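A.B. asks: Once you've had a glance at the structure underneath, I'll fire off some questions.
The values are calculated or read from the model by the stated rules, or taken from the named source; none is laboratory data. Just so it is clear, the model here is predicted, and its values are computed rather than measured. Methodologically, a virtual Cβ is constructed for each residue, glycine included, from the backbone with ideal geometry; neighbour enumeration extends over all protein chains shown.
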Amino acid sequence: MIVEVEKQNHGIDLIKIDNDDTYIVFTNYGARIVCWKYHDNNIVLGNKVEADEFYPENPYKFGATIGRYAGRIENASFNLNNKYYQLEENEMTNQLHGGSNGLDRRLFDYEIQNNITNIKVIFKLQIQSKEDGYPGDMMIKVIHTYDVEHRWTIEYEATSNEDTLFNPTNHVYFNLNRDNNVIDNHSIISEQLKMYPIDQNHLISSQQPIDLLERFNHRPIQFQDIFNSEDKQIKEQIYFNKGLDHPFDIGHHRLIVENNEFALDVETTMTNIVIFTFNDTSEWKSDFNIYKPHSGVALETQYLPNDINNEGNKAKSILKANVPFYAKTIYHISEK
Ligand code: FUC
């Protein structure tokens, strides 16, 4: 494996790792993945040459680390230890993806470890309560490891000096098709596929998820089966969202997304996964925006969005003062 650093403008570095059949690139801007290729096939959406221009204005969070809190917090506010916190509203009255000063827009320090069977890029960032309105100053590490088996592992390590919320994810979009076509033909395979209904503001509207494995009696289920379903409840969810933008329970923390050529195996220590099929691509008025709806799928491993308002002090996203946070997600790509 070979690793090489390329300096760009504005302090942005590209960290390029070559592993014969595959190639992966990370950047310190948002501790993000920029590119992942199997031979000449791009399996994630991104732009590998112009990271410094491409990422800051891109509203779709391509490849970024999201935090402190992935997904929406209703009314951008919550109670913790009987104290009320008002956060920045950045999507109508809600907060989405940690606000405008979230981890995706921060420059991380980093170091590279070149080991025998893997290369590790250890990104570090200190954030302060006054920067994003959440309680607690935090030390955050996002460790991207790429190994000889073409396995990309993300580890999150963090501590806070006060009780806070922490619900990080990565916002990479996958597309396993060679011709860069929509992801509708990809299959999703998991022991459990329970989808939480959402309302017009994309917030979970019922704690009773729809069991997709029960509703579809054939396997595998492809995204197009879900998009074209005649099931009343599923149809309504797809109609309002133009695709999936839904939190899922996936049982044993494992899910496979595949087409005829590649299989992407996702394993996580997080409890849930938000599946977002890039439903509306018109928000970014830029020549860089060459994307059509469903041109990628984000598989965001995380705790249930808005858990602090739905579950109160039982919310999994609560991180106690001085208790180390650890979470891990592995994306493993293989040719079929
Ligand atoms: C996802 C979604 C959104 C949003 C965004 C960029 O996670 O839940 O609806 O558009 O990311």
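A.B. asks: If I ask for residues that are buried (at least 24 other Cβ atoms within 10 Å of the Cβ) and near the ligand (Cβ under 7 Å from one of its atoms), which ones from the stretch 57-69 would you list?
C.D. replies: LYS61
A.B. asks: Here's a check for you: in the stretch 246-266, which residue that is aliphatic (A, V, I, L, M) and crowded, with 19+ Cβ neighbours inside 10 Å is nearest to THR22 (Cα to Cα)?
C.D. replies: From the stretch 246-266, those aliphatic (A, V, I, L, M) are 250, 255-257, 263-264, 266; that's our starting set.
Narrowing the set further to residues that are crowded, with 19+ Cβ neighbours inside 10 Å leaves 250, 255, 257, 264, 266.
Details: ILE250: 28, LEU255: 21, VAL257: 18, LEU264: 14, VAL266: 17 Å.
By that ranking, first place goes to LEU264.
A.B. asks: Which ones in the stretch 81-97 are among the aliphatic types (A, V, I, L, M) and surrounded by fewer than 20 Cβ atoms within 10 Å (Cβ to Cβ)? Talk me through it step by step, then tell me what you get.
C.D. replies: Narrowing the stretch 81-97 to residues among the aliphatic types (A, V, I, L, M): 87, 92, 96.
Scanning the stretch 81-97 gives a single hit, MET92.
A.B. asks: Of all residues being without any contact (Cβ under 8 Å) to a residue 24 or more places away in the chain and assigned to a loop (DSSP other than H, G, I, E, B) in the stretch 72-92, which is nearest to the ligand (Cβ to nearest atom)? Just the residue, please.
C.D. replies: ASN90
A.B. asks: Against the conditions (1) touching an Asp or Glu at 6+ places or on another chain (Cβ under 8 Å); (2) over 17 Å from VAL297 (Cα atoms); (3) crowded, with 19+ Cβ neighbours inside 10 Å, where does HIS186 fall short? Just the number, please.
C.D. replies: Failed condition: (2).
A.B. asks: Between a first residue in the stretch 313-324 that is among the basic types (Lys, Arg) and a second residue that is part of a helix (DSSP H, G or I), which pairs have beta carbons less than 9 Å apart while being 6 or more apart in sequence or on different chains?
C.D. replies: What qualifies is LYS314/ASP307; LYS316/ASP307.
A.B. asks: Could I ask something else about it? Taking strands (runs of 3 or more DSSP E) that do not extend beyond the stretch 257-336, which have at least 2 residues that are within 15 Å of the ligand (Cβ to nearest atom)? I'd like the intermediate steps shown before the answer.
C.D. replies: Numbers: elements: 262-268, 272-276, 297-302, 325-335.
By residue number, 272-276, 297-302.
A.B. asks: Looking only at the stretch 242-256, how many residues end up being out of contact with any Gly (no Cβ under 8 Å at 6 or more places or on another chain), part of a strand (DSSP E or B) and at pLDDT 95 or above? Walk me through how you get there before you give the answer.
C.D. replies: Here is the first cut: in the stretch 242-256, the ones out of contact with any Gly (no Cβ under 8 Å at 6 or more places or on another chain) are 242-246, 248-256.
With part of a strand (DSSP E or B) added as a condition, the list becomes 245-246, 248-249, 254-256.
Now narrow it down to the ones that are at pLDDT 95 or above: 245-246, 248-249, 255-256.
Residues meeting the conditions: 6.
For every residue, the table says whether it meets (1) more than 13 Å from ALA70 (Cβ to Cβ); (2) acidic (Asp, Glu); (3) touching an Asp or Glu at 6+ places or on another chain (Cβ under 6 Å).
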| site | (1), (2), (3) |
| --- | --- |
| GLN233 | yes, no, no |
| PHE240 | yes, no, no |
| ILE256 | yes, no, yes |
| GLU267 | yes, yes, no |
| ILE273 | no, no, no |
| ASP287 | yes, yes, no |
| LEU299 | no, no, no |
| PHE325 | yes, no, no |
| TYR331 | yes, no, no |
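A.B. asks: Of the conditions (1) crowded, with 16+ Cβ neighbours inside 10 Å; (2) within 16 Å of the ligand (Cβ to nearest atom); (3) at pLDDT 95 or above, SER100 fails just one. Which one is it?
C.D. replies: (1)
A.B. asks: Determine whether GLY243 is surrounded by 20 or more Cβ atoms within 10 Å (Cβ to Cβ) and small (Gly, Ala, Ser). Give the steps one after another, and end with the answer.
C.D. replies: Numbers: surrounded by 20 or more Cβ atoms within 10 Å (Cβ to Cβ): yes; small (Gly, Ala, Ser): yes.
Yes; evaluated as a whole, the condition is true for this residue.
A.B. asks: Kindly provide the set of residues from the stretch 241-273 that are among the β-branched types (Val, Ile, Thr), within 19 Å of GLN208 (Cα to Cα) and in contact (Cβ under 8 Å) with a residue 60 or more places away in the chain, ordered by number.
C.D. replies: Restricting attention to the stretch 241-273, the residues satisfying the condition of being among the β-branched types (Val, Ile, Thr) are 250, 256-257, 266, 268-269, 271, 273.
The next check asks that each one be within 19 Å of GLN208 (Cα to Cα); those that pass are 250, 271, 273.
The one that is among the β-branched types (Val, Ile, Thr), within 19 Å of GLN208 (Cα to Cα) and in contact (Cβ under 8 Å) with a residue 60 or more places away in the chain: ILE250.
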